[in-house]
Amino acid sequence: MSRVSIIGAGYVGLVTGVCLAEKGHDVLCVEMDPSKLETIRSGRTPFHEAGLPELLQRHSGGRFTATASVDEAVHASDMTMIAVGTPFDGSAIDLSFVLRACDEVGSAIKGAGRYHVVVVKSTVVPGTTVGPVRERLEAASGLHAGKDFGLGANPEFLTEGRAVDDFLHPDRIVIGGIDERTLRVLAELYAGFAGVPVIRTNPSTAEMIKYASNSLLATMISFSNEIADLCSAVGGIDALDVMRGVHASAYLTVRDGAGGAVQAPIASFLEAGCGFGGSCLPKDVSALVAHGSARGLDMAMLRQVLAINRARPAHVIARLERGLRGLSGKHVAVLGLAFKPDTDDVRESPAFPIIRDLVDAGARVTAHDPIANPVAQRALDGVAIEYADALADAVRDVDAVVIVTRWKQFEALPALLKQRPNPPLVFDGRRMLDRGAVARYDGIGL
Ligand code: NAD
């Protein structure tokens with residue numbers, strides 16, 4: 001059993017904290033946002049994540065505690081994980097939250113008077129842990145990494161929407177340490193994850209593994225979108241059929257001896273759509289491109305991955321404009337505001353530029369998401385649109401419906417539109433509906 005403190009109780013910090021408590025560790029989460037802290041302390045979760053409320057309630061006040069004090073948390077633990085945000089500031093990764101946390105943790109370990117391990121869980125560009133993080137911790141503590149305290153990187157691979165399950169059943173655990181002692185402490189923390197491959201390496205390699213993983217996923221998405229647009233431009237080709245043929249490759253579909261076939265989950269990133277969003281892929285690929293360019297390396301391919309992604313909303317708008325013969329005065333329902341299903345995270349959601357462009361073109365917009373309406377409404381403050389709590393209300397009297405997020409609930413759409421005398425155009429931005437299921441259907445890659 002380890003005693004762990006975690007700085008930052010956001011998606012990663014809170015999920016990590018309650019899941020480590022579930023695994024038998026004692027956890028103290030430090031959160032600087034008073035309202036978030038209050039919510040967590042009262043046993044509620046500040047964001048939607050399946051399974052998290054149950055785990056929080058089970059461990060809150062027991063093996064899991066939340067506090068505002070870094071000192072208190074560090075002194076009551078043997079290891080501190082930094083899980084604060086690392087946004088992209090437009091030209092480089094913004095490490096200000098990480099470095100501020102280092103200052104606080106550094107001055108806390110100074111007074112602790114015993115060996116402590118500091119681990120960066122936030123996604124940071126390669127070289128950060130052994131560079132600026134080490135410098136700030138040493139300056140604030142007056143101690144030496146590797147001698148007086150341990151230092152490592154332990155990137156997180158959980159996916160929002162299934163974060164608890166991902167954390168408790170990871171596909172890999174990546175631990176990077178500056179020395180054997182740090183690696184030993186980290187390995188002990190994850191000892192309860194039997195059978196999971198553990199990659200033991202140095203901190204910079206661990207950091208790079210995270211970026212390479214996210215960049216590969218983003219690349220596959222932009223690749224699929226480019227192919228899909230060519231299918232549409234050529235005509236007579238459905239990108240869905242094309243990808244079905246691509247997926248059948250033995251590289252992507254494993255056949256067992258009994259004639260069964262299992263598609264590699266990565267194939268889901270070979271589906272065309274409205275583009276990637278969220279708090280990770282756009283900012284991480286941007287940060288890596290900037291990191292390369294600061295070192296004189298033009299990351300030409302990843303630059304294009306981002307450029308293709310930025311152009312997705314305009315592609316959706318152009319297709320709607322063509323289908324509706326102009327957008328001015330048209331009523332459009334935008335379905336799906338979260339950047340992906342099963343979360344209420346709207347950060348970098350492709351729905352937002354689509355909504356803004358529709359409003360700019362003079363369309364009337366009704367937006368609907370099964371759970372993200374309130375968060376989206378705050379994020380889109382000042383944008384004049386209507387929100388519908390129910391799917392049926394969102395699609396009432398509209399000229400077009402555009403599906404931006406693949407929520408399972410939207411499968412009910414064909415039944416809702418069935419009896420309409422003037423059926424709306426359905427633009428399926430995720431290709432989730434059967435194309436014959438509605439009277440007027442169009443979609444990405446058609
Ligand atoms: P988040 O914004 O949801 O959470 C960060 C939290 O840290 C916030 O609640 C903030 O108030 C708190 N915080 C910041 N500085 C603090 C300090 N000094 N003391 C106490 N609290 C502090 O961010 P997130 O989505 O959890 O991401 C955290 C990191 O994990 C990022 O680097 C991100 O790239 C990475 N990551 C995120 C995901 C994901 O799906 N969200 C997945 C893998 C990795």
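The values are calculated or read from the model by the stated rules, or taken from the named source; none is laboratory data. Here the structure is a predicted model, which means the values were calculated and not measured. Note that we place each Cβ from the backbone using ideal geometry, even for glycine, and neighbour counts take in every protein chain shown.
Identify, please: which residue in the stretch 91-108 is over 22 Å from ARG63 (Cα atoms) and in contact (Cβ under 8 Å) with a residue 40 or more places away in the chain and is, among those, farthest from the ligand (Cβ to nearest atom)?
The initial filter retains those residues of the stretch 91-108 that are over 22 Å from ARG63 (Cα atoms), namely 91-104, 106-107.
Of the ones still in play, those that are also in contact (Cβ under 8 Å) with a residue 40 or more places away in the chain are 91-93, 97, 101, 104.
Values: SER91: 17, ALA92: 14, ILE93: 9, PHE97: 4, ALA101: 4, GLU104: 6 Å.
Only one residue tops the list, namely SER91.
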What helices (runs of 4 or more DSSP H) lie completely within the stretch 365-446 and have 2 or more residues being small (Gly, Ala, Ser)? 373-379, 391-394
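Taking the condition of being surrounded by fewer than 19 Cβ atoms within 10 Å (Cβ to Cβ) and touching a residue at least 24 places away in the same chain (Cβ under 8 Å), how many residues in the stretch 375-385 meet it? Quick ask: steps written out before the conclusion?
First, pick out the residues of the stretch 375-385 that are surrounded by fewer than 19 Cβ atoms within 10 Å (Cβ to Cβ): 377-379, 381-385.
Checking the rest, the ones that are also touching a residue at least 24 places away in the same chain (Cβ under 8 Å) come to 379, 383-385.
Summing the residues that are surrounded by fewer than 19 Cβ atoms within 10 Å (Cβ to Cβ) and touching a residue at least 24 places away in the same chain (Cβ under 8 Å) in the stretch 375-385 gives 4.
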Give me the helices (runs of 4 or more DSSP H) completely within the stretch 262-345, filtered to those with at least 2 residues that are crowded, with 17+ Cβ neighbours inside 10 Å and away from the ligand (no atom under 16 Å from the Cβ), ordered by residue number. 300-310, 312-324
Scope the stretch 218-257; condition outside any loop (DSSP other than H, G, I, E, B) and farther than 21 Å from CYS274 by Cβ; matching residues: GLY245, THR253, VAL254, ARG255
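Condition (residue is hydroxyl-bearing (Ser, Thr, Tyr), at pLDDT below 95 and either within 28 Å of ARG184 (Cβ to Cβ) or not in a helix (DSSP H, G or I) (or both)) applied to the stretch 13-28: is it met by at least one residue?
Taking the stretch 13-28 as the starting set, the residues that turn out to be hydroxyl-bearing (Ser, Thr, Tyr) are 16.
From what's left, at pLDDT below 95: none.
The answer is no, given that none of the residues of the stretch 13-28 is hydroxyl-bearing (Ser, Thr, Tyr), at pLDDT below 95 and either within 28 Å of ARG184 (Cβ to Cβ) or not in a helix (DSSP H, G or I) (or both).
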When you check VAL15 against the structure, is it among the aliphatic types (A, V, I, L, M), in contact with a strand residue (DSSP E or B) (Cβ under 7 Å, 6 or more places away or on another chain) and crowded, with 19+ Cβ neighbours inside 10 Å, yes or no? no
Determine if the stretch 64-75 includes at least one residue that is at pLDDT 95 or above, within 24 Å of the chain's Cα centre (by Cα), over 23 Å from ALA145 (Cα atoms) and among the polar types (S, T, N, Q). no
Scan of the stretch 18-38 for residues that are under 20 Å from VAL98 (Cβ atoms) and surrounded by fewer than 22 Cβ atoms within 10 Å (Cβ to Cβ), ordered by number: MET32, ASP33, LYS36, LEU37
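Can you tell me which of GLY152, GLY142, GLY195, GLY146 is within 16 Å of the ligand (Cβ to nearest atom), at pLDDT 95 or above and more than 26 Å from ASP345 (Cβ to Cβ)?
Values: GLY142 fails: within 16 Å of the ligand (Cβ to nearest atom); GLY195 fails: within 16 Å of the ligand (Cβ to nearest atom); GLY146 fails: within 16 Å of the ligand (Cβ to nearest atom).
Within the list GLY152, GLY142, GLY195, GLY146, the selection yields GLY152.
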Return the pair list, or none, for Cβ contacts closer than 7 Å from residues in the stretch 64-81 that are touching a residue at least 60 places away in the same chain (Cβ under 8 Å) to residues that are of a type in the set (D, E, K, R) and within 10 Å of the ligand (Cβ to nearest atom), at least 6 apart or on different chains. VAL70/GLU104; MET81/LYS121
Cβ-Cβ distance below 8 Å, separation of 6 or more or different chains: which pairs start in the stretch 356-369 with a residue that is in contact (Cβ under 8 Å) with a residue 12 or more places away in the chain and over 18 Å from GLY326 (Cβ atoms) and end on one that is polar (S, T, N, Q) and part of a helix (DSSP H, G or I)? ALA367/ASN373
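Given the criterion within 9 Å of the ligand (Cβ to nearest atom), within 18 Å of ASP78 (Cβ to Cβ) and of a type outside the set (A, V, I, L, M), identify the matching residue among GLY8, GLY17, GLY13, GLY24. Spell out the reasoning first.
Values: GLY8 fails: within 18 Å of ASP78 (Cβ to Cβ); GLY17 fails: within 9 Å of the ligand (Cβ to nearest atom); GLY24 fails: within 9 Å of the ligand (Cβ to nearest atom).
Checking each option against the conditions leaves just GLY13.
Looking for whichever is more than 17 Å from ALA163 (Cα to Cα) and either touching a residue at least 40 places away in the same chain (Cβ under 8 Å) or away from the ligand (no atom under 15 Å from the Cβ) (or both) here; the options are PHE47, PHE88. Which one fits? Write out each step before concluding.
On the way: PHE47 fails: more than 17 Å from ALA163 (Cα to Cα).
Going through PHE47, PHE88 in turn, just one is more than 17 Å from ALA163 (Cα to Cα) and either touching a residue at least 40 places away in the same chain (Cβ under 8 Å) or away from the ligand (no atom under 15 Å from the Cβ) (or both): PHE88.
Does the stretch 313-334 contain any residue that is touching a residue at least 40 places away in the same chain (Cβ under 8 Å) and among the basic types (Lys, Arg)? Reasoning before the result, please.
Here is the first cut: in the stretch 313-334, the residues touching a residue at least 40 places away in the same chain (Cβ under 8 Å) are 313-317, 319-321, 323-324, 330-334.
Next, from what is left, pick out any that are among the basic types (Lys, Arg): 319, 330.
Yes: the stretch 313-334 contains one or more residues that are touching a residue at least 40 places away in the same chain (Cβ under 8 Å) and among the basic types (Lys, Arg).
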Do we have ASN214 as more than 15 Å from the ligand (Cβ to nearest atom) and under 30 Å from SER122 (Cβ atoms) here? no
Among ALA239, ALA228, ALA218, the single one that is surrounded by 13 or more Cβ atoms within 10 Å (Cβ to Cβ), over 24 Å from VAL285 (Cα atoms), touching a residue at least 12 places away in the same chain (Cβ under 8 Å) and of a type outside the set (Val, Ile, Thr) is ALA239
